[in-house]
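A short write-up of the structure that comes next.
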Amino acid sequence: MVSSAKTFYEDKALIFQGFQESLEKAGENNKLYKFLAWVLSWIFSTDHKRVGILYLITMAAFFAIGVSLGLLIRFELFLPGEQFISARVYNSVFTMHGVIMIFLVVIPGIPATFGNFCLPLQLGAPDVSFPKLNLSTWWLFMIGAGLAVLSLFVGTNANGELMMVAPDGGWTFYVPYSLESSANISLALSGAFILGFSSMFTGMNFITTIHRMRAKGMGFFQMPLFCWSLYASSWIQVLATPVVSITLLLVIIERFMGIGIFDPSKGGDPVLYQHMFWIYSHPAVYLMVIPAMGVVSDVIAVFSRRTIFGYKAIAISSMAIAFVGYFVWAHHMFTSGMTETAQIVFSFLTFFVAIPTAIKTFNWIATLYKGSIHLSVPMVWALTFVFLFSIGGLTGLLNGAINADIHVHDTYYVVGHFHYTMFGGGMVGLFCACHYWFPKVTGKIYNESVGYLAWAFFFVGFNTLYGSMLVMGLLGMPRRYHDYLPQFTIWHQLSTIGAVIMVTGLIIMFINLLKGWINGPKANENHWDGRSLEWTHSASPPILLNFDKDPEVQGGPYDYDGEWK
Amino acid sequence: MDVKAIGVSLFQGVTDVGNSVDFTFLFIFIVCVFFLIANTAVMVYFCWKFHHKKNPVGTNIEGNTTIEVIWTVIPTILVMMMFYYGLAFNQMADLPKDALTIKVKAYKWAWAFEYPNKKKLEKEAVGSKEWKIRMPVLKIPVGRAIEFEMESSDVVHSLYIPAFRVKRDVLPLIKTALWFKANKIGRYDLFCTEYCGDAHSRMYTQVEVVSQEEFEKWYNTKDEGQELTGDALVKKGSEVASTCMACHSTDGSRKVGPSFKGLFGRTSELASGSSHKVDEAYVRKSILEPNSDVVKGYPPIMTKVPLDKQELDALIAYLKTL
């Protein structure tokens, strides 16, 4: 299988290859042509590594925009009353912060970046199953993202004149508000609709790759746990995304034609929208965090220089989370007016998601036992993930219990909780991956001391920022508020101070990685003494099609019984 | 009058359900803090104890079924307890028979309350130092079950009284309900917690819990149906109009809707294509059926504000003065 796939890829690593080659030829004398050829060699490359890096760079840009918007929110809320943006602008800012962070950063997140880069390497495959489809996901992503960002700036007012109308209503776009709001929601929704396809294609590609392209000797239970996590999250992408696509499409149709599915004045049901929205968006939460769990499983084992504790428990719990995650969506809606029976059923099911998550955490900690622990930067990030995600998960228990959730629903408690899970979980997992696979991607290494410094700023800032949110939420501060009562001032100020510290850490981290990439010292071949195929069998950075000869696997991905040679 | 409302504190016991919520919270909180501290402590201890300088070679332990079973079963038991404690909320089937049913109407961006005997609530200035709004402050008796029958006249809102630990979404054209019994006299915050547009954060009022005697006395006093005329009517109108200020200005500046300045007598171009001289009939119709004849260039999003006849007359009288 693998070798026949290899012949297939050999002449197709790049679409428009002929054009690119002729450009390169012409580029011998012309710098512009040379540059164009270089750009083409990236944006039309079907090489999974280049696609992964493309995603990483574009997502970093969107992340920077999202962080800036978040910071703007925090500055506005430093004092009660209007500081420097009006309620209307504020509403658009938090909406775009959510849309950009969720749809353009955390959902594509680890699968699109390091999933693309590492999955074939870890499986011992020359590329993913469908390289062209893989490249197309990046293009769809860019088109969808373009529409979403465009909706920030362009729209029409009631007279049909072009003007700046940014969408509001929050990233959840609840109806009927999103149906009648004059802001530019259709464009943002169309963007999200297209992004959904990007996500689904990536999922299908990964599932096929995992089933069909594992190296000789690698059964499902010899895969690194990162592959397992991608497998679980890919199923979520494939099965849940269509529901949100349908929902978004229905909102768009309803806005233009008024068919009355969600609009109560036409006999529709606004709560139906909430159900359809969360049927996707709750599994999507696991889609954001399961790959991060995979990264952390790999990193903790490698930096403990021992095999992972409870491999099967971790692998199967990923699948369990993905599976149970489908049946818990309505815990977002305990106050929506659905029946009490439904509330009780969904509360009961919700608590079952907590169990596999707890199992994972215990197994990670047990992996440290009798290891030979190296507290390098990736390991520090991995342990940070365990800590922050524990807070995220544990604070979520309160949202599962009906009576307590009724109190904290739609308050800052929820805002704090989901930032702990998605940012402290999903994004910290991505930062961990950035530091872990950095030598593999670039062949170089960043400055470790600066890496620790960035982490310290981030850690202190993060907990101040979102810890205060948890407290003020419990005290009754509702979310999506442009203004607030004086009793919440102190918590908002703490939160803003935390944000500044955290963003300082992010900037240091970003500069450190960038400097390392441009002119860092050369990394060792197997820089962290890993045992999975991307470290043992491929160069850093890996060659096109990854391996000189098809790797064969003996032993598991965390086989620390012998020395690595 | 400007009374600061009582905030949220643990086991403050304003409502019975509040104490159940706080118990669930405390139970979950203790479990969480225990696991967080225990996990983190073990993690840090292992990192120190098995640091590669002390322990150069790791031991490969593949797993242990007994331990896996233990740390699956214990969390399962704990979360099932959490689920059980979480069930203590006010179900509508348990609504006491003597409950006082108050109809709640939510609209962009204010609350309106209707008692069974149509007793009117006084509007009071509530809010913070930075902003004040005039809202009806809900008056309820202590120790008696109160049922809210809620409906929105536009988008989804959500009624939230943190000190009571109650919250329920308010949907357009679909009735939702909740009930509670307040046990302590005082004033409490009432928020909207479902995003509903520009002035979402100012869709705020307070609930005043008073003694039963005081409530009965107030409740059974007939509203003085005195006729207002002249300046008194205009003054009342300006109070009514405070609700409108989120979308309309009085100084000619453009907000979500057209300015009130010079409203009467001007000629408006309508979205339907015709133009119309603004007279009392048009203004009345535009308030009662907001989106029937929208001025060109403005979105048809005005909400139906519940006003009684006197309030409407007062509002018209006030608008004429601008």
_With surrounded by fewer than 20 Cβ atoms within 10 Å (Cβ to Cβ), under 27 Å from the mean Cα position of the chain (by Cα), over 30 Å from B:G127 (Cβ atoms) and not assigned by TED's automatic domain parsing to the domain that holds A:G219 as the only criterion, which of A:L545, A:L514 stands out?_
A:L545
*Quick one: A:K216 ticks every box in (1) within 14 Å of another protein chain (Cβ to nearest Cβ); (2) in contact with a strand residue (DSSP E or B) (Cβ under 6 Å, 6 or more places away or on another chain); (3) touching a residue at least 40 places away in the same chain (Cβ under 8 Å) except a single one, so which number is it?*
(1)
*asked:* Of everything in the stretch B:170-204, what is part of a strand (DSSP E or B) and more than 12 Å from chain A (Cβ to nearest Cβ)? Give them in sequence order.
replied: B:W179, B:K181, B:A182, B:G186, B:R187
*With respect to the numbered conditions (1) modelled with pLDDT of 90 or more; (2) in contact with an Asp or Glu (Cβ under 8 Å, 6 or more places away or on another chain); (3) within 22 Å of B:H157 (Cα to Cα); (4) part of a helix (DSSP H, G or I), which one is the sole condition not fulfilled by A:A342?*
(2)
*Could you please give the count of residues in the stretch B:221-246 that are modelled with pLDDT of 80 or more and in a loop (DSSP other than H, G, I, E, B)?*
2
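Given the structure, is B:Y298 more than 28 Å from B:L173 (Cβ to Cβ) and either touching a helix residue (DSSP H, G or I) at 6+ places or on another chain (Cβ under 8 Å) or buried (at least 18 other Cβ atoms within 10 Å of the Cβ) (or both)?
No, not satisfied.
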_Quick check on the stretch B:280-294. Is at least one of its residues within 12 Å of another protein chain (Cβ to nearest Cβ), in contact with a strand residue (DSSP E or B) (Cβ under 8 Å, 6 or more places away or on another chain) and over 22 Å from A:A87 (Cα atoms)?_
yes
*Taking only the stretch B:126-145 into account, find how many residues are open to solvent by 30 Å² or more (accessible area, probe 1.4 Å) and of a type in the set (G, A, S).*
1
_For the stretch B:205-222, check the following and say yes or no: at least one residue is of a type in the set (K, R) and either surrounded by fewer than 19 Cβ atoms within 10 Å (Cβ to Cβ) or touching a Ser or Thr at 6+ places or on another chain (Cβ under 9 Å) (or both)._
yes
*For the stretch B:24-46, state whether one or more residues are part of a loop (DSSP other than H, G, I, E, B), of a type in the set (F, W, Y) and either within 8 Å of another protein chain (Cβ to nearest Cβ) or surrounded by 13 or more Cβ atoms within 10 Å (Cβ to Cβ) (or both).*
no
_Search result, residues across the stretch A:51-77 that are touching a Ser or Thr at 6+ places or on another chain (Cβ under 8 Å) and either surrounded by fewer than 16 Cβ atoms within 10 Å (Cβ to Cβ) or among the charged types (D, E, K, R) (or both)_ = A:R74, A:F75
*Would you point out the residue of the stretch B:71-84, among those that are open to solvent by less than 90 Å² (accessible area, probe 1.4 Å) and among the β-branched types (V, I, T), that is nearest to the other protein chains (Cβ to nearest Cβ)?*
B:V79
*asked:* Against the condition modelled with pLDDT of 85 or more, among the aliphatic types (A, V, I, L, M) and farther than 20 Å from A:P270 by Cα, how does A:A158 come out, does it pass?
replied: no
_Identity of the residue in the stretch B:85-108, open to solvent by 30 Å² or more (accessible area, probe 1.4 Å) and part of a loop (DSSP other than H, G, I, E, B), that ends up farthest from the other protein chains (Cβ to nearest Cβ)_ = B:D98
*Restricting the first residue to the stretch A:143-157 and requiring it to be assigned by TED's automatic domain parsing to the domain that holds A:Y90 and among the aliphatic types (A, V, I, L, M), which pairs with a second residue that is part of a helix (DSSP H, G or I) and at pLDDT 85 or above meet a Cβ separation below 6 Å and a spacing of at least six or different chains?*
A:I143/A:I194; A:A145/A:L104; A:L147/A:S190; A:L147/A:G191; A:A148/A:V99; A:A148/A:G191; A:L152/A:M96
*Got at least one residue in the stretch B:12-21 being charged (D, E, K, R), assigned to a helix (DSSP H, G or I) and in contact (Cβ under 8 Å) with a residue 40 or more places away in the chain?*
yes
*Could we say that A:N519 is surrounded by fewer than 18 Cβ atoms within 10 Å (Cβ to Cβ) and more than 30 Å from A:M422 (Cβ to Cβ) here?*
yes
*May I ask you to say which residue of B:N19, B:N55 is within 39 Å of the chain's Cα centre (by Cα) and among the polar types (S, T, N, Q)?*
B:N19
*Quick one: which residue in B:A232, B:A281 is over 23 Å from B:P136 (Cα atoms), of a type in the set (A, V, I, L, M, F, W, C) and surrounded by fewer than 17 Cβ atoms within 10 Å (Cβ to Cβ)?*
B:A281
*Do we find a residue being of a type in the set (G, A, S), under 20 Å from A:D298 (Cα atoms) and in the same structural domain as A:G310 (by TED's automatic domain parsing) anywhere in the stretch A:233-244?*
yes
*Does A:P378 qualify as being within 23 Å of A:L225 (Cα to Cα) and modelled with pLDDT of 95 or more?*
yes
*For A:W364, work out the one condition from (1) at the interface with chain B (Cβ under 7 Å from one of its Cβ atoms); (2) out of contact with any strand residue (DSSP E or B) (no Cβ under 6 Å at 6 or more places or on another chain); (3) not charged (D, E, K, R) it doesn't fulfil.*
(1)
*Residue by residue through the stretch A:326-340, note down the ones that are within 10 Å of chain B (Cβ to nearest Cβ) and surrounded by fewer than 18 Cβ atoms within 10 Å (Cβ to Cβ).*
A:M338, A:T339, A:E340
*the stretch B:286-321, subset over 22 Å from B:S275 (Cβ atoms) and assigned to a loop (DSSP other than H, G, I, E, B), residue farthest from the chain's Cα centre (by Cα)*: B:T321
*asked:* Given the options B:G58, B:G7, name the one that is assigned by TED's automatic domain parsing to the domain that holds B:A88, at pLDDT below 95 and open to solvent by less than 40 Å² (accessible area, probe 1.4 Å).
replied: B:G58
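The values are calculated or read from the model by the stated rules, or taken from the named source; none is laboratory data. Computed from a prediction, not measured in an experiment: that's the story for all the values here. For neighbour counting, all protein chains shown are included, and Cβ atoms are generated from backbone atoms with ideal geometry for every residue, glycine included. The accessibility values were calculated without ligands, DNA or RNA, using every heavy atom of the protein model including side chains. Shrake-Rupley method; radii C 1.70, N 1.55, O 1.52, S 1.80 Å.
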